[in-house]
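A short reminder: the numbers here are calculations on the coordinates, not readings from a lab. Predicted model only: the values in this text are computed from it and were never measured. Neighbour counts are summed over all protein chains in view; Cβ atoms, including those assigned to glycine, are modelled from backbone coordinates with ideal geometry.
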Amino acid sequence: MDDWVVFVDPRKQKREQRQAKYEACPHLISPVKAQQLQSKLRIENLTITLLSPEALALQKDGWIYTRVIRPEETYETEEGWEYTMITNFNKYGDSLLFRRKMLSDGMEPIQD
């Protein structure tokens, strides 16, 4: 019996798989980060919306979560970025602002 048996801790293996998923797409909002944002900003349903299929699909397509926009607020756009929003995610009518970088001709997004 000269063979070594390597036991892998299932918790460690699961953690490494999760980390690999977020390293492949670093701008994805993790559940922990979403919960921290919700408690810091005190915005109702922020975690649920950031982890929704619609928000995850946007993030996987290269959109980066930027900020929460209140109904009475406006935002300034920067040159070279394309913007989109998820609107009315809570009873106050707040929206999530996402952005992604564009090429100089404005045709294709740049994947960071």
message: If the elastic network links every pair of Cα atoms under 10 Å, which of 35, 17, 59 fluctuates the most in the Gaussian network model of the chain?
response: 17
statement: To the nearest 20 debye, the chain has a Cα-centred charge dipole, built from +1 on Lys and Arg Cβ and -1 on Asp and Glu Cβ, of 600
task: Identify, among 83, 13, 71, the residue whose Cα sits farthest towards the positive end of the charge dipole of the stretch 10-101, taking +1 on the Cβ of Lys and Arg and -1 on the Cβ of Asp and Glu, with the dipole about the Cα centre.
output: 13
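Taking a ≥ b ≥ c as the square roots of the Cα gyration tensor eigenvalues, with a/c under 1.5 meaning rounded and otherwise prolate when a/b beats b/c, else oblate, which class fits the chain? Provide the component values of the computation, followed by the final result.
Details: a/c = 3.82, a/b = 1.70, b/c = 2.25.
In terms of gyration-tensor shape, oblate.
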Cβ-based exposure ranking for 6, 32, 68, in which fewest neighbours within 10 Å come first: 6, 32, 68
Restricting the stretch 12-72 to GluC sites (Glu not before Pro) in coil, as DSSP defines it, with at most 14 other Cβ within 10 Å: 44, 72
- prompt: Within the chain, what is the longest stretch that has no trypsin sites (Lys or Arg not before Pro) placed in a DSSP loop and near at most 12 other beta-carbon atoms within 10 Å?
  reply: 43-90
Ellipticity estimate at 222 nm from DSSP helix runs (n ≥ 4, -39,500 (n - 2.57)) divided over the chain, nearest 500: -10000 deg cm²/dmol
field: Karplus 3J(HN,Hα) series, Hz, for the stretch 83-88 with 6.51 cos²θ - 1.76 cosθ + 1.60 (x for Gly, Pro)
entry: 10, 8, 9, 9, 9, 6
